[in-house]
Amino acid sequence: QVQLVESGGGLVQPGGSLRLACAASGSIERGNIMRWYRQAPGKQRELVAAITSGGTITYSESVKGRFTIARADGKITMHLQMNSLKPEDTAVYYCNLWTISKEYWGQGTQVTVSS
C-alpha cells in the first residue's frame, strides 16, 4: 500500500516563499511520475509541475520561473519550492504519484497567499 503525505503549506504574504514536501511510503514501481496538482475554491484541479523518475520536468505556464520541483529517490520524496507567490496561487496542493498500474494521491495541504 502506497501512502503520500504532504507538508509545508501555510499562510504567506504576496511575494513570499513556501516549500512543500511529499513523502511516499510503500512499494513503488519504477518508471513513475511524481506530480503536484492544486485546486482553488470553485475551480478544477490543475497540474502544477511534474517530474519523472528519469528526471524530466514540466511546469504549468502559470508557475514557470517561480516554482521548482525536485525529487530524492533514495527516500521517494518530492519538493516544490514556491517563490514570488501570488494571491492566485492560493489553493489546496496535492501530491500525486503515477505508476503504470495505479495512481495515488495525498490528502492535500493548504497554501494561502494573502496580505
Where the second residue is part of a strand (DSSP E or B) and open to solvent by 80 Å² or more (accessible area, probe 1.4 Å) and the first is of a type in the set (V, I, T) and lies in region 91-110, which pairs have Cβ atoms under 9 Å and are six or more apart or on separate chains? V92/Q110
Of the residues that sit in region 1-58 and are of a type in the set (K, R) and more than 15 Å from P87 (Cα to Cα), which one is least open to solvent (accessible area, probe 1.4 Å)? R35
Going through region 66-97 in order, the residues found to be closer than 16 Å to S27 by Cα and more than 13 Å from the chain's Cα centre (by Cα) are A72, D73, G74, K75, I76
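The values are calculated or read from the model by the stated rules, or taken from the named source; none is laboratory data. No experiment lies behind these values; they were computed from the predicted model shown. A quick note on method: Cβ atoms are made from the backbone with ideal geometry, for glycine too, and the neighbour counts reach across all protein chains shown. Note: areas computed on protein heavy atoms with side chains; ligands, DNA, RNA excluded. Shrake-Rupley method; radii C 1.70, N 1.55, O 1.52, S 1.80 Å.
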